[in-house]
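The structure appears below as structure tokens.
The values are calculated or read from the model by the stated rules, or taken from the named source; none is laboratory data. Keep in mind that this is a model prediction, so the values were computed, not measured. Glycine gets a Cβ as well: all are built from the backbone with ideal geometry, and neighbour counts include every protein chain shown.
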Amino acid sequence: MKKSVVYLVLLVAISVVALFMPAVPGAIITEGINSGDTAWMLTASALVLLMTPGLAYFYGGMIDTKNIISTMLQSFIAMGVISVVWIVVGFSLAFGESIGGYIGNPSTFFMFQHVLDGKPWSLAPTIPLAVFAFFQLKFAIITPALITGTFAERVRFKSYIIFLVLFSLFIYAPLAHWTWHPDGFLFKLGVLDFAGGTVVHMSAGFAALIASMYLRDKSIKKEAISPANIPFVLLGTGLLWFGWFGFNAGSALSAGTLAASAFATTNTASAAAGLCWVLVDVVRGKKPSALGFCIGAVVGLVAITPAAGFVTIPHSLFIGTIAAIISNVVVHWKSKTSLEDTLDVFPCHGVGGLVGMVMTALLANTAVNAANTTGNGLFFGETALFKVHMIGLVIVIAYVTVGSFIILKVTDLISSLRVSSEEKLIGSDFSQHGENLYPVDLAKKESAA
């Protein structure tokens, strides 16, 4: 109760500070702004935001019935929390004036100052800065939400909120700055990450791996989870696939040939990965399942994300296929360990993102994207890109794993992360939120209490 009061006071304080910020922007820049590019990027931003509700359905359908609301809410609450954090200081940390190539100056766009009337982003000169800022916000929202597949049923809601904020500020924002800011040190090194292989998927996936290690209780036998609602998973996959066109094609930052190419590679990789996952399952002796196709399709989307604007369409088919095989093997291996990555975030996003970055280093083609100044991939006989990607991957993995452990530890000190054994038995829907999927279950629990 006392902590809730603190959070409420903090939100009110932020609102009051916003009240006294400059009310009238300066002259709004229109020179060089292209209406077609702006219209496409507004659409792409909306598509990317749709991915987070899609993720809620995707994860919600996979969990059991007593944790479905809590799991879905973790995605939805990220839209609220990260939107506020991004306005206050997140965008500045990610895309503000660079401090040594490692982080943005928090005062550059504090409370979104100079975003409406600022110069367009240097790599997106034909759209207003505000459109670019809100497009990037959608990436910042879904990244920590991806980790909730590991947290499902095991983490207290208020502790999750604390983790959400700390991850956004100390993991996501620096990685975005390193990779996508023209002065970021990975950008200068020549690392190619078109739409978030490192920034989004590897950061979420490897954070999930550390969380699964941190939260596991070896004294409790790991139990298989029966999916609550496969049609929810199908719906979530459809929304994610649909929204991913904004995620990848929108990362071209304009409406043109590059966006069309990224659109096509995105669909191709996802289709190939979904089919491949089902076939691998059949080879293992399983029946072809809706769940298998959905997981495979998402793995394909993850793997093509860093490569979407750098590879040809035929190569995207190869990327989706290889990513599905590797992730399927890792999921099978993980099931035999004590790791409790509830919804396989690490095998799908961590490994999928890693495979995508390696494939970019192998198959990137300067003919696809003239902005690629690092060179062609190893497949074409050039080694420079492959070398910088291996260096970049080691740096990202080390930073995310160490940083995530520290954030989990700090969060745990502020507010205990784990739900109690009694709360886990009841389910997070009721214990954390006083709600249940079925009202009759809620009534029974209230009478039992």
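Check the range 89-97 and report whether any residue there is surrounded by fewer than 20 Cβ atoms within 10 Å (Cβ to Cβ) and more than 20 Å from the chain's Cα centre (by Cα). Working first, answer last.
Filtering the range 89-97 down to residues surrounded by fewer than 20 Cβ atoms within 10 Å (Cβ to Cβ) leaves 97.
Adding the requirement that they be more than 20 Å from the chain's Cα centre (by Cα) leaves 97.
Checked against the condition, which is being surrounded by fewer than 20 Cβ atoms within 10 Å (Cβ to Cβ) and more than 20 Å from the chain's Cα centre (by Cα), the range 89-97 yields at least one hit.
Name the pairs: first residue in the range 266-290 and exposed (fewer than 14 other Cβ atoms within 10 Å of the Cβ), second residue part of a helix (DSSP H, G or I), Cβ to Cβ under 7 Å, at least 6 apart or on different chains?
If the second residue must be part of a helix (DSSP H, G or I), the pairs left are PRO288/VAL278; PRO288/ASP281; PRO288/VAL282.
With buried (at least 22 other Cβ atoms within 10 Å of the Cβ), basic (Lys, Arg) and on the phi < 0 side of the Ramachandran plot as the only criterion, which of LYS66, LYS119 stands out?
Numbers: LYS119 fails: buried (at least 22 other Cβ atoms within 10 Å of the Cβ).
Being buried (at least 22 other Cβ atoms within 10 Å of the Cβ), basic (Lys, Arg) and on the phi < 0 side of the Ramachandran plot holds for just one of LYS66, LYS119, which is LYS66.
Pairs please, first residue from the range 95-111 and polar (S, T, N, Q), second anywhere and in a strand (DSSP E or B), Cβ atoms under 8 Å, 6+ apart in sequence or on different chains.
SER98/GLY104; ASN105/SER98; ASN105/ILE99
List every residue pair whose Cβ atoms sit under 7 Å apart, with the two residues 6 or more apart in sequence or on different chains, where the first one lies in the range 228-243 and is modelled with pLDDT of 95 or more and the second, anywhere, is not in a helix (DSSP H, G or I).
VAL233/PRO227
Determine which single condition GLY356 fails, assuming it passes every other condition in (1) out of contact with any helix residue (DSSP H, G or I) (no Cβ under 7 Å at 6 or more places or on another chain); (2) within 15 Å of PRO306 (Cα to Cα); (3) in contact (Cβ under 8 Å) with a residue 40 or more places away in the chain.
GLY356 satisfies every listed condition except (1).
For THR108, state whether it is buried (at least 20 other Cβ atoms within 10 Å of the Cβ) and either in contact with a strand residue (DSSP E or B) (Cβ under 7 Å, 6 or more places away or on another chain) or of a type in the set (S, T, N, Q) (or both).
Values: buried (at least 20 other Cβ atoms within 10 Å of the Cβ): no; either in contact with a strand residue (DSSP E or B) (Cβ under 7 Å, 6 or more places away or on another chain) or of a type in the set (S, T, N, Q) (or both): yes.
Judged against the criteria, THR108 is not a match.
Looking only at residues that are among the aromatic types (Phe, Trp, Tyr) and closer than 21 Å to ILE304 by Cβ in the range 173-223, which one is surrounded by the fewest Cβ atoms within 10 Å (Cβ to Cβ)? Steps first, answer last, please.
Step one: filter the range 173-223 for residues among the aromatic types (Phe, Trp, Tyr), giving 178, 180, 185, 187, 194, 206, 214.
Filter once more, keeping what is closer than 21 Å to ILE304 by Cβ: 180, 187, 194, 206.
Working: TRP180: 23, PHE187: 19, PHE194: 26, PHE206: 28.
Checking each candidate, the answer is PHE187.
Could you check, for the range 237-252, whether at least one of its residues is within 27 Å of LEU166 (Cβ to Cβ), polar (S, T, N, Q), out of contact with any His (no Cβ under 9 Å at 6 or more places or on another chain) and part of a helix (DSSP H, G or I)?
Checked against the condition, which is being within 27 Å of LEU166 (Cβ to Cβ), polar (S, T, N, Q), out of contact with any His (no Cβ under 9 Å at 6 or more places or on another chain) and part of a helix (DSSP H, G or I), the range 237-252 yields at least one hit.
Using the structure shown, decide if ALA297 is part of a helix (DSSP H, G or I) and either surrounded by fewer than 20 Cβ atoms within 10 Å (Cβ to Cβ) or of a type in the set (S, T, N, Q) (or both). Give the derivation first.
Numbers: part of a helix (DSSP H, G or I): yes; either surrounded by fewer than 20 Cβ atoms within 10 Å (Cβ to Cβ) or of a type in the set (S, T, N, Q) (or both): no.
It is false that ALA297 is part of a helix (DSSP H, G or I) and either surrounded by fewer than 20 Cβ atoms within 10 Å (Cβ to Cβ) or of a type in the set (S, T, N, Q) (or both).
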